[in-house]
Amino acid sequence: MKTIYRLPRTIYKLETVLIVFAASLLLFAIPIRGGTIDPNLYPSVFRNDSLRQIVQRGIELTFNDQFIAAESLFARVANEYPVSPVGPLFAAAAVHAQLLDGESPKRSDEFFAWLNRTKILAERWRDADPKSGEPEFVLGAALGYQAVYESRWGGWFAALKQGMRSKNRFADALKKDSTLTDALLGIGNFNYWKSAKTDFINWTGIIADDRTKGLAQLAKAATGGVLCRAPARVSLGWALVNERRYAEAYACAETLAIEFPQGKGPLWIEALAKFGLYQWDESRRLYTELERRLLAEGSGNYYNLIDCAYFCALCDYYSGRWRQTLDDCHKGLAYPAPPDIRNRQSSKLKKLRELQEDVKGKMGFGDSGKS
């Protein structure tokens, strides 16, 4: 049997103008009462029970892959509190989650429209109430979502730049309000991933290795946050996979799968963790379930379906199931993915072709595929 595949240490318009213009008109009309900010304009999402419950409901919808329903809920919050950035921020988050779920930037215009509106409103809130940490938290979150977008569809340098800006805003939020534990999600993500992505030069001391610190910050946000416990557990799960601490990653994702049974996100972590633990049957079962859900939703751009076929093929190969391996390889290679997706998945498609030829040799098949 060939050397077992190891996971790499590093995983992984006009409408906008109109929204910004309309928001600007609203911002110049902010009423100040007695020299203080009207709390009805900028309700604290951490201290206003009604608003917090609405946001938590929207987060629940997002994590159960009900992205349109979540965005619609947050759009209503944006309409009810037109000068608050809370609604636009979480609407952007719902669209962002949909982009990641489908591995497609096709709704980028809507994402950036919500994001730009968030930034404008948050900056006005900060100027009007400079002692509050929440505007900084909102800005940090907005920049963090942009950093993740850039890392997936932009470039590493752009992602690092936005990530640094995001971390600074979160740090400022904690300086102004030490109770904003949720800010540790952004800080922890930055500390961990900037170190993981640059581990090949960390030994030089030019860039500090803050992976341990980042993991601790993510863990604290996962247990002590108000709004970000679930997102922090997702981030922690992926970081633990990247650290090859697969059992811990699986345990982290398992709690999410129970809490959000309709969401695919936890299953991706569980499947990869089981693969890292060499538990081929369990890993294959989870990837098969992901494939079933993906096909039920529609094939999309085939990126995720190629992923499922790839890992199913490896699980079958390492289990000695040659016929099933060939079936998995054929399935993954036959998906009519567009050129950009085939390019992004080129290494996995190449591996599927190699597995296919290797198994044919083991089974005594010729080029025709017949014995």
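No lab work stands behind these numbers, since they all come straight from the coordinates. Just so we're clear, the structure is a prediction, and the values are computed from it rather than from any experiment. All Cβ positions, glycine included, derive from the backbone under ideal geometry; neighbour counts span all protein chains shown.
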*When the chain is fully extended, how far beyond the present Cα-Cα distance does R323 get from A69, taking 0.36 nm per residue of separation?*
87.2 nm
*Can you figure out the FRET efficiency of E289 with E123, using R₀ = 45 Å and their beta-carbon distance, to the nearest 0.05?*
0.55
*So what J values fall out for the range 155-171 if you push phi through Karplus, 6.51 cos²θ - 1.76 cosθ + 1.60 with θ = phi - 60°, rounded to Hz, Gly and Pro as x?*
x, 5, 5, 4, 5, 5, 4, 5, x, 5, 4, 5, 4, 5, 5, 5, 5
*asked:* Can you give me the distance in nm between label points at K175 and K106, each placed 7 Å from the Cα along the Cα-to-Cβ direction?
replied: 4.4
*Go through 332-339, 170-177 and give me the packing order, highest mean Cβ count within 10 Å leading.*
170-177, 332-339
*Potential extension, N79-L277 segment - 0.36 nm per residue separation minus Cα distance*: 66.5 nm
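Quickly rank 148-160, 268-280 as a protection proxy: mean count of other C-beta atoms within 10 Å, highest first.
By packing density, highest mean first, the sequence is 268-280, 148-160.
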*Fully extended, how many nm does the chain gain between F157 and E254 (0.36 nm per residue separation, minus their Cα-Cα distance)?*
31.6 nm
*How many angstrom lie between the C-alpha centres of the range 311-327 and the range 131-195?*
41
_Overall form of the range 200-287 per C-alpha gyration tensor (a/c, 1.5; a/b vs b/c)_ = oblate
*Label-point gap, in nm, between K131 and V226 - each point 7 angstrom along Cα→Cβ*: 1.7
